[in-house]
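Have a look at the structure below before the remarks.
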Amino acid sequence: NSHNHIMYGTVDSWFYRTLAGIGRADDTPGFRRIRIRPYPVGDLRHVEASLDSDRGTIRSAWQRTAEGFELSVTVPVGSEAEIWVPPRSNGSGRKRIEEGDQAVWDDGSYHDGVEGIRGAELTDGWVMITVGSGDFTFRAS
């Protein structure tokens, strides 16, 4: 019998929890409130992961682009999410974030008016965007 095994975790959880950033935002059961907080590390250019929850599939996909950073998420019906857009590689905050062709964040402040988006705030260089259920693609520069 092998004594060389992990008891309460696996490497694959690091991929979706850390790199893709999929997790629960608080202690509510069944992923009612989701946190998507990806960590782009080193020279990794893109990540895509999904997790099947009791409410439906949660998806996070990001890529570094010539213009900046793109993050696509799926939040299942009946859930809400905190979407954390990471700071630039130099640690400074994002100047502009768009969803579709509309600005959500521009020059340090939240811009209202994008369907499904409830608010945004800056915390330690990260822009945290609060959304309801749906599919969202954020482009950050």
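The values are calculated or read from the model by the stated rules, or taken from the named source; none is laboratory data. Note that the coordinates shown come from a computational prediction; the quantities given were computed from them, not determined experimentally. Every residue, glycine as well, gets a Cβ built from its backbone with ideal geometry; the counts of neighbours run over all protein chains shown. To get the accessible areas, we keep the full protein, side chains included, count just its heavy atoms, and leave off ligands, DNA and RNA. Shrake-Rupley method; radii C 1.70, N 1.55, O 1.52, S 1.80 Å.
Laid out as a table, the results:
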{"quantity": "Some residue of region 78-88 being outside any loop (DSSP other than H, G, I, E, B), without any contact (Cβ under 8 Å) to a residue 40 or more places away in the chain and out of contact with any Gly (no Cβ under 8 Å at 6 or more places or on another chain)", "calculated": "no"}
{"quantity": "Test: residue in region 80-87 that is open to solvent by less than 30 Å² (accessible area, probe 1.4 Å) and among the small types (Gly, Ala, Ser)", "calculated": "yes"}
{"quantity": "Count - residues of region 4-32 that are at pLDDT 90 or above and aliphatic (A, V, I, L, M)", "calculated": "4"}
{"quantity": "Residue among Asp112, Asp101, Asp107, Asp43 that alone is under 28 Å from Asp12 (Cα atoms) and among the acidic types (Asp, Glu)", "calculated": "Asp43"}
{"quantity": "Unique match (being surrounded by fewer than 16 Cβ atoms within 10 Å (Cβ to Cβ), modelled with pLDDT of 95 or more and either on the phi < 0 side of the Ramachandran plot or among the basic types (Lys, Arg) (or both)) among Arg45, Arg35", "calculated": "Arg45"}
{"quantity": "Out of Ser53, Ser72, sole residue that is polar (S, T, N, Q) and closer than 25 Å to Ser141 by Cα", "calculated": "Ser72"}
{"quantity": "Region 42-68, residues that are part of a loop (DSSP other than H, G, I, E, B) and either under 13 Å from the mean Cα position of the chain (by Cα) or not aliphatic (A, V, I, L, M) (or both)", "calculated": "Gly42, Asp43, Arg45, Asp54, Arg55, Thr65, Glu67, Gly68"}
{"quantity": "Residue that is farthest from Val77 (Cα to Cα) [pool: residues in region 128-141 that are among the small types (Gly, Ala, Ser) and part of a strand (DSSP E or B)]", "calculated": "Ala140"}
{"quantity": "Subset of region 54-67 (residues that are open to solvent by 20 Å² or more (accessible area, probe 1.4 Å) and either in contact (Cβ under 8 Å) with a residue 40 or more places away in the chain or under 16 Å from Phe31 (Cα atoms) (or both))", "calculated": "Asp54, Arg55, Gly56, Thr57, Arg59, Thr65, Glu67"}
{"quantity": "Hey, Gly23 at positive phi and without any contact (Cβ under 8 Å) to a residue 24 or more places away in the chain or not", "calculated": "no"}
{"quantity": "Residue tally, condition in a strand (DSSP E or B), surrounded by 17 or more Cβ atoms within 10 Å (Cβ to Cβ) and of a type in the set (A, V, I, L, M), over region 102-127", "calculated": "4"}
{"quantity": "Residue match in region 85-93 (condition: within 30 Å of Gly30 (Cβ to Cβ) and modelled with pLDDT of 90 or more)", "calculated": "yes"}
